[in-house]
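All of the numbers you see were taken from the coordinates with simple rules; none came from a lab. Worth saying up front: this structure is predicted, and the values here are computed from it rather than measured. Cβ coordinates were reconstructed from backbone atoms using ideal geometry, including for glycine residues, and neighbour counts include every protein chain displayed.
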Amino acid sequence: MEYRLLGNTGVKVSRLCMGTMTFGKEADKQASTAMFGRCREAGINFFDCANSYAGGESERILGELIRDCRDEVVITTKVFNRVGTDINAGGGSRRHIMASVEASLKRLKTDHIDLYFLHHFDKDADMEDSLRALDDLVRQGKILYPAASNYAAWQIMKARAISLREGWSPFRCIEPMYNLLKRQAEVEILPMAASEQLGVITYGPLAGGLLTGKYMQAVSTGRFIENKTYSIRYDGAQIQETVRKFTRFAQEQGYRAAALAVAWAGHHPAVTAPIIGARSAEQLEDSLKALQIDMTPGLYQQIGGLSITPPLASDR
């Protein structure tokens, strides 16, 4: 396993990060345990979670799995999405952040969280309140590094400017969506991260499974069948054509499509680690095969040429 520095934190993480969104949902405890064990066997020391995954069950399962190796793994979790019926059980308010971190620490059975993400930008919460709450948690030792998921580049830079001005701990890692079908992060987010020396873990390298090619056939299960968000996100003739070209290319070159998609997303120089995920240890193997791919500059460019490269931020 190759390990990479997480931005300028000095922390070294595996070049793949295991996402635990399926733990306790599509994957029961037994399947989650098998996937965790396979990841550790492969050398993965980086696990991504969120307090809203499976109603908190993902955190509970992950907490049990890391009990005997807590000092050897880097874990993340998040706050923002609604986690209860109370009117304030969501968002980026100081009130919700301070309550949520305590619940996450309890479920994860740990005294600290390595990376604590604001899961989404909250337009209704004062940014300084949210950032001060994160800094307080750093000072209390409950989180080590603040982070942001699904933020625009300007939102990340505004937040970092506030934190640095006030002497607070700034965002040290970001989590944008990034894959061959969704390359908007290349325009400003990834260049900004490289400039600011931020860690970057990207989600959705398989585009919800679309880049595996399985949805080109008749299937009865999967995210595009069970969650309309994915079919809306990846709608359009251009996307379907890119999937066809990519899966054909992978087959002709002798690669598993899933492995090639993960390897491509992880090769961007600003990306620390793409987040992989699965419903079973068997399904996980395809993504782990990305570690075996020699992503040469030529191969990288060939794959990138299969989709539309977004225009520069200046649109020239």
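Listed values, structure above:
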item	result
Test: residue in segment 185-197 that is in a strand (DSSP E or B) and of a type in the set (A, V, I, L, M, F, W, C)	no
Candidate set: segment 267-316, residues that are closer than 29 Å to residue 21 by Cβ, in a loop (DSSP other than H, G, I, E, B) and aliphatic (A, V, I, L, M); chosen: the one nearest to the chain's Cα centre (by Cα)	271
Segment 13-49, residues that are in a helix (DSSP H, G or I), out of contact with any Phe, Trp or Tyr (no Cβ under 9 Å at 6 or more places or on another chain) and of a type in the set (Gly, Ala, Ser)	34, 37, 42
Test set (1) in contact (Cβ under 8 Å) with a residue 60 or more places away in the chain; (2) more than 14 Å from residue 108 (Cα to Cα); (3) assigned to a loop (DSSP other than H, G, I, E, B) - residue 10 fails condition number	(1)
Qualifying position, being crowded, with 23+ Cβ neighbours inside 10 Å, β-branched (Val, Ile, Thr) and in contact (Cβ under 8 Å) with a residue 24 or more places away in the chain, among 76, 33	76
Qualifying residue in segment 164-175 (condition: crowded, with 19+ Cβ neighbours inside 10 Å, within 23 Å of residue 25 (Cβ to Cβ) and not hydrophobic (A, V, I, L, M, F, W, C))	yes
Filtered residues of segment 226-241 (kept if more than 30 Å from residue 25 (Cα to Cα) and surrounded by 12 or more Cβ atoms within 10 Å (Cβ to Cβ))	241
Search result, residues across segment 94-139 that are among the hydroxyl-bearing types (Ser, Thr, Tyr) and touching a residue at least 40 places away in the same chain (Cβ under 8 Å)	100, 104, 110, 116
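Residues are listed down the side, and each one gets a yes or a no for (1) of a type in the set (D, E, K, R); (2) touching a residue at least 24 places away in the same chain (Cβ under 8 Å):
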{"residue": "227", "(1), (2)": "no, no"}
{"residue": "241", "(1), (2)": "yes, no"}
{"residue": "282", "(1), (2)": "yes, no"}
{"residue": "287", "(1), (2)": "no, yes"}
